[in-house]
Every structure is written in structure tokens, then in C-alpha cells.
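Input: a single structure, listed below in C-alpha cells.
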Amino acid sequence: MYCIAKKGPLIINDIVKTTSAYSQWQCNRWAVKRRINGTTNVMGFVPHEYLVERNHEKRIRGHDGKKYHLTTKGMVGALTTGINVEQIYLYKNYIKFLKKQIQKEFTNKSSIDIPQKTKDMYVNSLMSFFENYIKNEIYLFLIWHEAAGIKITKMKSMQRYMFEFYSNADEDFLQSFLQTKMNLKINTVKY
């Protein structure tokens, strides 16, 4: 999962080539297939929604016909491998998309002649805000589930669950969660 999180969608042959550079995760083609699809003893990434398989746009002769893409659950799970959020391919592409949309929106709506340097400063500060917001939402999700004792590793229908979680997580919920955490810290401090 680490190599797909870092490099983006890959086929099995490319996963094997990439993992050969990582001494701790180096494995052959069959080990990669077992890890992706799972066995009775090994939890698979595809059945547990960490990865999703898609067909190539064009079939490559001599290569497996499936390309493996990271899901949102896979992105969150990749954080346990030691990768930073900023290094994850899915996150980087989303940030590029947001920046492009903000730049387009800013140039379309601004009829006033504003210097390019000011526009760039505005876009960069807005992007910094969005990046911090997204990272904080990811970390809040993880911390809340850890504090509540909810294991998300084997949870199914994660996309729907995350939508429901964030739809119901209003400001009162977040305030009560933070207050509960503060009370726990205060009660556990020894004087």
C-alpha cells in the first residue's frame, strides 16, 4: 500500500519493481497478489477497500490487466506505514486540483486589475488554509475513532461511513469531543 500511496496507481509488476527498493516491504509477484487479494490468513487490500482494481485504458501485452488505485480508506491506512499526508499521491493530486480551481475562479471573477503578485499571494494563503483544514480533518477522524475504540481496519462501505461521519459531525459534536478529551487529561494528571 505504501508504494501505491507514494507513486500512484500501479500494476502488479510495477508494485514488485517498486517494493524491491524498499528492504522492509520487498516481495515477489505472488506475495503481492496474496497481499492485494487476501487469503484465509492475510487480510486483503481489495476486499477490505484499501485498494480498488480497475482495467487499463489500453491493454499492455505481457502485463496484468488490472491497475490498483488507492481509496480514501487506503490513504488513511497508508499513514500507518510512516508516510506523511503530503507525500501521498491521492492527496497531492487533490491539492493540485483545488489550486487549479481556485486560480481559475479567482481569475474569472476578478474584473478589477490586481497585480499578479497579489493574486498569487491570495491563492497561496487560501491553499495553505485548505491544506491545513484537510489534514486536520483526517487527523480528527483518526483521533476520534481511536478515542472511541472503533476499529476502522475491517470496516466495509467506508466511503458511505465517512460521508455519514462528516455529515453528522457538527460544531457541537466537535466541542463536546474536545471537552471530553480535556476532562480525561485533567482527571488523569497526578498532583
Per-peptide average of other Cβ atoms within 10 Å, ordering 72-80, 47-55 highest first: 72-80, 47-55
Highest average packing first - 9-20, 33-44, Cβ atoms within 10 Å: 9-20, 33-44
Largest-first ordering by accessible area, 1.4 Å probe, given options Val32, Val46: Val46, Val32
Modelled FRET efficiency - R0 30 Å, Lys99 with Leu142, Cβ distances, 0.05 increments: 0.75
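The values are calculated or read from the model by the stated rules, or taken from the named source; none is laboratory data. Since the model is a prediction, treat every value here as computed from it, not as a measurement. FYI the Cβ positions are ideal-geometry reconstructions off the backbone, even for glycines, and counts take in every protein chain you see. These accessible areas exclude ligands, DNA and RNA; they are computed on the full protein's heavy atoms, side chains included. Shrake-Rupley method; radii C 1.70, N 1.55, O 1.52, S 1.80 Å.
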